[in-house]
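K.L.:
Below you'll find the structure I mean.
Readers should treat all values here as calculations from the given coordinates under stated rules, not as data from a laboratory. Everything numeric in this text was worked out from a predicted model, so none of it was measured. Virtual Cβ from ideal backbone geometry, glycine too; neighbours counted across all protein chains shown.
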Amino acid sequence: MALIKLENLHKRYGTQWAVKDVSIEVKEGTTCVILGPSGSGKSSVLKMINRLIEPDSGRVFYKGKDVKEYNVIKLRREMGYAVQNIGLFPHLTVEENISLLLKEIKWSKQKIKERAEELLILVGLEPKIYLKKYPSQLSGGEAQRVGVARALSADPPVLLMDEPFGALDPITRRKLQDEFARIKSTLRKTTVFVTHDIYEAVILADEIALMKDGELIQKSDPFELWQNPKNEFVMKFLGNEYGFHILSKYTLQSLGKLKECVERNGLPVVNRSFSLKDTLSLMLKYRTKSVVVEEPDKRISLLTFDEILSFVDKKRNLEDRINDARI
Ligand SMILES: Nc1ncnc2c1ncn2[C@@H]1O[C@H](COP(=O)(O)OP(=O)(O)O)[C@@H](O)[C@H]1O
Ligand SMILES: [Mg+2]
């Protein structure tokens, strides 16, 4: 069952549609990324989930119940919320910022401190250094990490994130995106993530909901979006680089068993944690169609360019079968 269900949402400002007939279902434990150009209505959709704004018409269900039937404070406690430029309270330390909600729900001081430390470690900040700092003493990337920690503080089942890494320089942004992709799998939250960053969408999404001018244009998993874009807009918006983003989402682990070999033959050596994209990039750099994969037990196997092709092919066949079953 869908944990979050948006049904025929509409929202208009004056004569302008911000959101036009958007319906989306988000299954428990999955991440739905709402992707689209600036002004396409992404934030408006997100804010209807935790009732920061109310739709003109249409409904939002959480656990099968209309969000209007929830006490709004209780609803928001179920839904951690992280936004761009994060809005940490400047007069409170990092620890106090993270613990605001925990104090409200009357956790003990000791438990709050432990939780704040645990969260800082999770988002990659050393508690000893950061707990007592004030927001003005943090870099943009650090503040953003604290923002994510705060959204996670009371371990809410749902995370709503609105371009949380949008204001960062490209290098810090990429680092945080990759780290978030990594911790996401351990958190197992139901997440709705708004972004206009295509790489971010691909690596984080189980499903991508692509919006334009307030409307939902296509919703499918990142691979399917690549293979079967619904129209010209989808194709143009994703761009030619999209395929590389897809290949960066999968590591060599996804290739399964490879042909064992004994000689390295001067080929570049990789391990299973390499992404398909990085492997491809190495092949190009060394102008070779093969690399050697070193397994943890030190045995080696050979990976050829054709195997990357056949991975894409296999996934496509799988998608086709799923689509056939849907019809
Ligand atoms: N409070 C508001 N008043 C008037 N227009 C708004 C308001 N909020 C959003 N809009 C308009 O609605 C459209 C969608 O906005 P938004 O949901 O913020 O888009 P996105 O998050 O995709 O950039 C935009 O054209 C924006 O200008
Ligand atoms: Mg927005």
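K.L.:
Positive end of the charge dipole of the chain (Lys, Arg +1 and Asp, Glu -1 on Cβ, about the Cα centre): tell me which of Val158, Gly256, Ile112 has its Cα farthest that way.
P.N.:
Farthest towards the positive end: Ile112.
K.L.:
Right, another one. Taking amide H positions as placed 1.01 Å from N in the peptide plane, with prolines and chain starts having none, which residues 5 or more places from Cys261, or on another chain, fall under 5 Å of its amide H?
P.N.:
Ile300, Ser301, Leu302
K.L.:
Strictly over 18 Å apart at the Cα level, which of Lys11/Lys47; Lys47/Lys68; Lys5/Lys63; Lys11/Lys189 would you flag in this model?
P.N.:
Values: Lys11/Lys47 11 Å; Lys47/Lys68 13 Å; Lys5/Lys63 8 Å; Lys11/Lys189 27 Å.
Pairs exceeding the cut-off: Lys11/Lys189.
K.L.:
Taking the Cβ of His10 as the centre, find all other residues whose Cβ is under 9 Å away and add up their charges (Lys, Arg: +1; Asp, Glu: -1).
P.N.:
On the way: positive: Lys11, Arg12, Lys20; negative: Asp21, Asp56.
Taking every other residue near His10 into account, the sum is +1.
K.L.:
Taking a cut-off of 19 Å between Cα atoms, list the lysines near Lys277, but don't count ones fewer than 8 places away on the same chain.
P.N.:
Lys175, Lys249, Lys257, Lys285, Lys289, Lys314, Lys315
K.L.:
Let's see if you can work this out: charge +1 on each Lys and Arg Cβ, -1 on each Asp and Glu Cβ, no other charges. What is the dipole magnitude of segment 2-240 about its Cα centre, in debye to the nearest 20?
P.N.:
Numbers: 37 positive and 32 negative charges, 147 e Å.
My answer is approximately 700 debye.
K.L.:
So for the chain, taking the charge dipole from beta-carbon charges (+1 Lys/Arg, -1 Asp/Glu), which of Ile34, Phe89, Val60 sits furthest toward the positive end?
P.N.:
Value computed over the given set: Phe89.
K.L.:
Return the single residue from Glu104, Glu69, Glu54 with maximal mean-square fluctuation; model: Gaussian network over the chain, springs between Cα atoms under 10 Å.
P.N.:
Glu104
K.L.:
Out of all DSSP beta bridges with both ends in the chain, state the antiparallel percent to the nearest 5.
P.N.:
Rounded to the nearest five, the antiparallel share is 60 percent.
K.L.:
On to the next question. For the chain, calculate the relative contact order in percent as a whole number, restricting contacts to Cα pairs under 8 Å that are 6 or more residues apart.
P.N.:
It rounds to 18 percent for the chain.
K.L.:
Summing Lys, Arg as +1 and Asp, Glu as -1, what charge do residues with Cβ under 11 Å from the Cβ of Lys42 carry, Lys42 excluded?
P.N.:
Net of charged neighbours comes to 0.
K.L.:
Rounded to the nearest 5, what % of the DSSP beta bridges within segment 225-327 are antiparallel ones?
P.N.:
Of those bridges, close to 75 percent are antiparallel.
K.L.:
Right, something else. Can you list residues whose amide H is under 5 Å from Glu215's amide H, if they're 5+ apart or on another chain and H is modeled 1.01 Å from N?
P.N.:
Close amide H contacts, sequence-distant or interchain: Lys20.
K.L.:
At what distance in angstrom do the alpha carbon centres of segment 1-57 and segment 150-217 lie from each other?
P.N.:
15
K.L.:
Relative to the longest principal Cα axis of the chain, at what angle does helix 140-152 sit, 0 to 90 degrees, rounded to 10?
P.N.:
On a 0 to 90 degree scale, this one is about 70.
K.L.:
Treating only the Cα positions of segment 1-100 as identical point scatterers, give the base-10 log of I(q)/I(0) from the Debye formula at each q in 0.13, 0.14, 0.23 Å⁻¹.
P.N.:
Here the Debye-derived log intensity ratios amount to -0.54, -0.62, -1.28.
K.L.:
What are the residues whose amide H is under 5 Å from the amide H of Ile53, where those residues sit 5 or more places off or on another chain and H is modelled from the backbone?
P.N.:
Met48
K.L.:
Please state the shape class of segment 130-287: rounded when a/c is under 1.5, otherwise prolate if a/b exceeds b/c and oblate if not, all from the C-alpha gyration tensor. Please report the intermediate quantities before stating the final value.
P.N.:
Numbers: a/c = 2.00, a/b = 1.30, b/c = 1.54.
Oblate shape, in that a/c is at least 1.5 and b/c is the bigger or equal ratio.
K.L.:
How far is helix 94-104 tilted off the main Cα axis of the chain, in degrees rounded to 10, range 0 to 90?
P.N.:
Once rounded, one gets 60 degrees.
K.L.:
Efficiency by 1/(1 + (r/R0)^6): what FRET value for Lys65 and Cys261, r their Cβ-Cβ distance, R0 = 45 Å, to the nearest 0.05?
P.N.:
The pair Lys65/Cys261 has a calculated efficiency of 0.20.
K.L.:
Looking at the square roots a ≥ b ≥ c of the eigenvalues of the Cα gyration tensor of the chain, which shape do they give, rounded for a/c under 1.5, prolate if a/b is larger than b/c, or oblate?
P.N.:
It comes out oblate by the Cα gyration axes.
K.L.:
Please say if segment 103-188 is rounded, prolate or oblate, where rounded means a/c under 1.5 for a ≥ b ≥ c the square roots of the C-alpha gyration tensor eigenvalues, and otherwise the choice is prolate for a/b larger than b/c and oblate otherwise? The partial results should precede the final answer.
P.N.:
Details: a/c = 1.88, a/b = 1.31, b/c = 1.43.
Since a/c reaches 1.5 but b/c is at least a/b, the shape of segment 103-188 is classed as oblate.
K.L.:
Here's a follow-up. By how many degrees, between 0 and 90 and to the nearest 10, does the Cα long axis of helix 305-326 differ from the longest principal axis of the chain?
P.N.:
Around 50 degrees separate the two axes.
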